[in-house]
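Participant: One structure follows; several queries about it will come next.
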Amino acid sequence: MSGTSRSSLLAAVFVISIFLSAALLFAVQPMIGRLVLPSLGGSPAVWNTVMVFFQASLLAGYALAHVLARLKSQRIQVTLHALLALAALLTLPIGYAASHIDPAQSPILSLLLGLVIGVGLPALTLATMSPLLQRWYASLGLKRSADPYFLYAASNAGSLIGLLGYPLVIEPFFGLEQQRAGWTLGFVLLAMFVGAIWLELIRKNQHGSAQSESTERDGAESSPLKWIVLALVPSSLLLGVTQHITTDIAAMPLFWAIPLALYLVTFIIAFSGRTEGLLKITSRAVPILAVAVTVAILVGAKHPLFAVLLLHLAAFFAIALGCHARLYQSRPRAEDLTRFYLFISIGGVLGGSINALVAPNVLSWVAEYPIMIALGAGLAVGWPQVSKKLIIETAPSIVFAAVFAIGLFLLDHQGQLGSVLLVGAPALVCFLLSTKPARFALALLAAMILPELIRPDANLIHRERTFFGVHAVYREPARDGERHVLRHGGTIHGLQNLGSATPQTYYHPTGPIGVVFDRLAPNADIGAIGLGVGSVASLARPGDALTFYEIDSEVHRIASDPALFTFLADSPAKIETVIGDGRLIIQAADPADLVIIDAFTSDAIPAHLMTAEALGLYADKLRPGGFIAMHLSNRYLQLEPVVASTAREAGLVCRIWAEVPNSSQLIDGKQPSVWALLAKSDADLASFTEFEPIEPDSSVRPWTDDYANVLGVMRFD
C-alpha cells in the first residue's frame with residue numbers, strides 16, 4: 001500500500017472513530033433517561049440530572065484528554081487510554097443501578113450514584129475520544145495535521161446522528177434491552193477502530209518517526225475567557241430557545257431536538273473552515289434576525305405558528321453560527337488543542353447551568369432567553385475590545401435606550417402612541433446600532449427587558465417560576481364577569497369563572513369526567529395524578545375522599561389559594577394533596593374506587609404513566625368494580641390507539657369518549673376533551689354507555705417500560 005493510500009486510510013479511521021464515539025455518547029443519554037423513569041418517575045429533575053451527569057462526563061473527559069496529551073511519552077498516553085477503554089468494556093452492557101435509589105432520602109444523589117456505576121466509565125471514555133484523537137492526528141504528520149480541527153465537524157456530525165437517530169430509528173423499533181445490546185456492539189466496534197490508531201501510534205514511536213506538530217499556521221492568541229464566553233452564550237441560548245418554543249409557542253414533543261440539532265450543525269459548519277465567509281454572512285444576517293425576533297418577543301407573537309417558530313430558530317441558528325465561527329477563528333495551534341476544547345466544555349456547562357440552575361432560582365420569568373439573544377447578537381457581529389474608551393462611548397447608549405423606552409411608555413400610557421411606534425421605534429434604534437457590537441447588544445437588551453420591568457401586565461395576578469417552569473395566573477373577561485386562568489407558557493392548566501363553582505375546560509359536569517363522578521358509588525375513594533387548579537375537586541361529593549398526586553408544589557399553592565381558585569376550598573369532599581411523582585407514590589396508596597390519570601394537559605406526555613406496567617399498578621389499586629379514567633386530550637398526540645393496545649396488554653378493557661361542547665359552553669370556558677375509561681371487565685363499565693369500545697389496532701405496539709414510541713402517535717396534520 002502506498003504512503004498516500006495508507007495516510008488516507010488512517011485519516012478515515014480517525015474520522016470514523018470520532019464520529020462513532022460522538023454518536024454513541026448522544027444516543028446513550030435518552031436511553032439512560034428511559035431506563036430510570038420507572039424507578040424515579042417523570043420529574044424534569046430526572047431528565048435534568050441525567051443531562052447534568054453527561055455534561056459533567058463530557059467536561060471530565062475533556063479534562064482527562066488534556067492531562068493525557070500533556071504527558072511527554074505518547075506510549076504512556078496510549079497505554080493509559082487503552083486501559084480506560086478496557087475498564088469501560090468490562091462494565092458493559094450499560095445499565096442502571098436501581099438498587100442505589102432511595103427517593104425518600106436523596107433521589108438526585110441516588111440517581112447520580114446509579115449513573116456513575118451504570119454508565120460512568122463508558123461515558124468518560126467516549127468523552128475523551130474527540131479531543132485526544134485530534135491531538136494524536138496532529139502528531140502523525142498526515143494531511144491537515146497542522147490544523148486538525150476539521151475532525152471536530154465529524155464529532156458533531158456523530159452527535160447529530162445519535163441525537164436524531166434515537167427518536168426516529170432506535171426508540172420506535174427497538175426495546176430497551178435490544179438498545180443496550182446494540183449500544184454494546186457499537187462500543188466494541190469503536191474499540192476496534194481506536195485500537196488500530198493505538199497500534200499506529202506505537203509503531204510510529206518504535207521507529208522513531210513520530211512527527212511533531214507543524215507550526216505552519218499561526219495560531220490565534222490563546223484567550224480562555226474568549227473561548228468560554230463564545231461557548232457559553234450559544235449553550236445558554238440553546239436551552240432558552242428550546243424552553244421558549246416548547247412552552248410559550250407550541251408545547252410539542254420532540255421540539256427540543258430541533259434546536260439541539262441546529263446547534264450541532266453550527267459547530268459542523270463553523271469547524272469545517274471558511275470562517276471569513278461565514279462571518280460576513282452572519283454579520284449581515286444576525287442584525288436582521290435579532291431585531292425581528294426582538295419584535296416578536298415584544299408583541300408576544302404566536303401566529304402564524306410556522307413563521308414564528310422559523311423566526312426564533314433562524315435567529316438562534318445565525319447567532320450560534322456567528323459565535324462558533326469566531327470560536328473557530330480563535331483556535332490555537334494543535335499542541336494546545338486539548339486545552340482549547342476543555343475551555344469550550346467549561347463554557348458549555350456554564351451556559352447550561354445558567355438556564356437550568358441559576359435562572360429558575362433568581363428570576364420570576366424566562367429573562368435569560370432575551371438576555372442571551374442580545375449578548376449573542378453582539379458577539380456574532382464582533383468581539384468587543386474592552387477598554388475605558390468603550391465604556392465611555394457605550395454609556396450614552398445605555399442612558400439613551402433607557403430614557404427612550406421609558407419615554408415611549410409614558411407617552412403610550414397617556415394614549416398618544418400606537419403599538420406600531422412603541423415596538424417599531426426601539427427596533428429601528430437597535431438596527432441602526434448593529435455595526436457596534438456592544439451598543440447593539442445593549443440596545444437589544446434594553447428593548448426586551450425594560451418593558452417587562454416598567455410595564456407589567458395589568459391582567460397578571462400571580463407568577464412564580466419553579467424548576468418545572470413559569471406558572472402564571474391571569475385575569476380575563478368572561479360572559480358574566482371575569483375569570484382566573486392558570487397558564488404554563490401557551491398551555492391552559494385550568495380556569496374558574498369568578499363566583500361560580502362549576503369547573504370548565506376538560507372537567508365540566510356534563511363532560512366525560514363529570515359523568516364518571518356522577519355515577520360513582522357514594523362515599524368513593526379517589527386518587528388523581530395531576531392537580532391543575534383543582535377542578536376535579538368540585539365534582540367530588542360529600543362523603544368522597546379525593547387524594548391528588550402533584551409533582552409541583554407551586555401548583556398546589558396556586559390551587560389552594562382562595563384568592564386565585566376556590567375549587568379545593570369549596571369542595572364538599574375530603575381533599576388531600578401529596579407532592580411527588582404519581583406512579584411512585586400511588587404504589588403505597590390505599591385501594592380506590594377510581595384512579596384518574598390527568599398528566600397530559602401540558603402536551604408533554606409522561607410515557608411512564610401509561611405503560612402496561614403502570615396500568616397494571618393502577619389496576620391493582622382498584623377495589624372490585626373500580627375503574628381508571630385517563631385524560632387523553634392533546635393537540636399533537638393521538639393517544640387513543642396506544643392506550644387501547646396497552647390496556648389489552650395489561651389485561652384491561654378500554655372505552656373512549658371524545659366530547660365536543662356546544663357554542664354556549666365554549667364561551668363559558670368548556671373545551672373539547674377526550675377521556676378513556678379502563679376497567680378489569682366490561683361489566684364494570686356497563687353503565688357508561690357514552691364511552692364507546694375501541695378495538696386495539698394490531699399495528700400499534702403496546703407501550704411498556706421497555707418500549708414507548710412517542711413519534712408514532714404524533715399528529716402532523
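Participant: Identify all aspartates and glutamates with a Cα-Cα distance to K436 below 15 Å; exclude those on the same chain that are fewer than 8 residues away in sequence.
Facilitator: K436 reaches E393.
Participant: Specify the inter-centroid distance of segment 550-596 and segment 605-662, based on alpha-carbon positions, in whole Å.
Facilitator: Each part's Cα centre sits 20 Å from the other's.
Participant: Highest mean first, what order results for 323-330, 343-350 on Cβ atoms within 10 Å?
Facilitator: Ranked from most to least packed, the peptides come out as 323-330, 343-350.
Participant: Among the trypsin sites (Lys or Arg not before Pro) within segment 504-605, which fall in a DSSP loop and have no more than 11 other Cβ atoms within 10 Å of their own Cβ?
Facilitator: For trypsin sites (Lys or Arg not before Pro) across segment 504-605 that sit outside H, G, I, E and B with at most 11 neighbouring Cβ atoms in 10 Å, the list reads R519.
Participant: Starting from the Cα gyration tensor of segment 536-602, take the square roots of the eigenvalues, sort them a ≥ b ≥ c, and report rounded, prolate or oblate (rounded when a/c is under 1.5, otherwise prolate if a/b is larger than b/c, else oblate).
Facilitator: Oblate is the answer for segment 536-602, as a/c is 1.5 or above yet b/c matches or exceeds a/b.
Participant: Using only Cα atoms and rounding to the nearest 10 degrees, what angle (0 to 90) does helix 388-413 make with the longest principal axis of the chain?
Facilitator: Once rounded, the angle reads 20 degrees.
Participant: Let me ask something else about it. Given the pairs K574/K621; K143/K226; K72/K226, which span a C-alpha to C-alpha distance of over 25 angstrom in this model?
Facilitator: As for pairs spanning more than 25 Å Cα to Cα, those are K143/K226; K72/K226.
Participant: If a/c stays under 1.5 just call it rounded; otherwise compare a/b with b/c (prolate if a/b is bigger, oblate if not). Do that for segment 1-212, with a ≥ b ≥ c from the square roots of the Cα gyration tensor eigenvalues.
Facilitator: prolate
Participant: Counting pairs of alpha carbon atoms under 8 Å apart in space and at least six apart in sequence, what relative contact order in percent does segment 84-206 give?
Facilitator: Over segment 84-206, the number comes to 27 percent.
Participant: Pull up the DSSP beta bridges for the chain and report the antiparallel fraction as a percent, rounded to 5.
Facilitator: Roughly 60 percent of the beta bridges in the chain run antiparallel, per DSSP.
Participant: Give me, ordered by chain and number, the residues 5 or more places off A592 or on other chains with an amide H under 5 Å from its own placed amide H.
Facilitator: Close amide H contacts, sequence-distant or interchain: L622, R623.
Participant: With runs of 4+ DSSP H residues as the only contributors, calculate the mean residue ellipticity of the chain at 222 nm using -39,500 (n - 2.57) per run, divided by the residue total and rounded to the nearest 500.
Facilitator: -18000 deg cm²/dmol
Participant: Same structure, new question: Got a sec? How would R648, R655 order by Cβ neighbour count within 10 Å, fewest to most?
Facilitator: Result, fewest neighbours first: R648, R655.
Participant: To make sure I understand the rule: partners must be lysines, Cα under 23 Å from the Cα of K670, and not fewer than 8 residues away in the same chain. Which ones qualify?
Facilitator: Within the straight-line cut-off, K670 pairs with K302.
Participant: Please arrange T435, T128 by how many other C-beta atoms lie within 10 Å of their C-beta, fewest to most.
Facilitator: T435, T128
Participant: I need the shape label for segment 541-645. Rule: rounded when a/c is under 1.5, else prolate if a/b > b/c, else oblate, with a, b, c from the alpha carbon gyration tensor.
Facilitator: oblate
Participant: Please rank S235, S687, fewest neighbouring Cβ atoms within 10 Å first, as an exposure proxy.
Facilitator: Exposure proxy ranking, most exposed first: S687, S235.
Participant: Which net charge results when you count Lys and Arg as +1 and Asp and Glu as -1 among the other residues whose beta-carbon is under 12 Å from that of A679?
Facilitator: With Lys, Arg at +1 and Asp, Glu at -1, the neighbours total 0.
Participant: Read phi for every residue in segment 661-666 and hand back ³J(HN,Hα) as whole Hz from Karplus 6.51 cos²θ - 1.76 cosθ + 1.60, θ = phi - 60°, with x for Gly and Pro.
Facilitator: Here the 3J(HN,Hα) series is x, 7, 4, 5, 5, 4 Hz.
Participant: Same structure again: Starting from the Kirkwood Rh over alpha-carbon pairs, what translational D in µm² s⁻¹ does the chain have by Stokes-Einstein at 37 °C and 0.692 mPa s?
Facilitator: Stokes-Einstein gives a translational diffusion coefficient of 117 µm²/s.
Participant: Can you tell me the length gained on complete extension of the stretch D561 to A146, counting 0.36 nm per residue apart and subtracting the Cα distance?
Facilitator: Answer, rounded to one decimal: 142.9 nm.
Participant: Using only alpha carbon pairs under 8 Å that are at least six residues apart, calculate the relative contact order of the chain and give it in whole percent.
Facilitator: Relative contact order, the chain: 12 percent.
Each reported figure results from applying straightforward, stated rules to the coordinates on display, with no laboratory input. Everything quoted here is computed from the prediction, not taken from an experiment. Glycine gets a Cβ as well: all are built from the backbone with ideal geometry, and neighbour counts include every protein chain shown.
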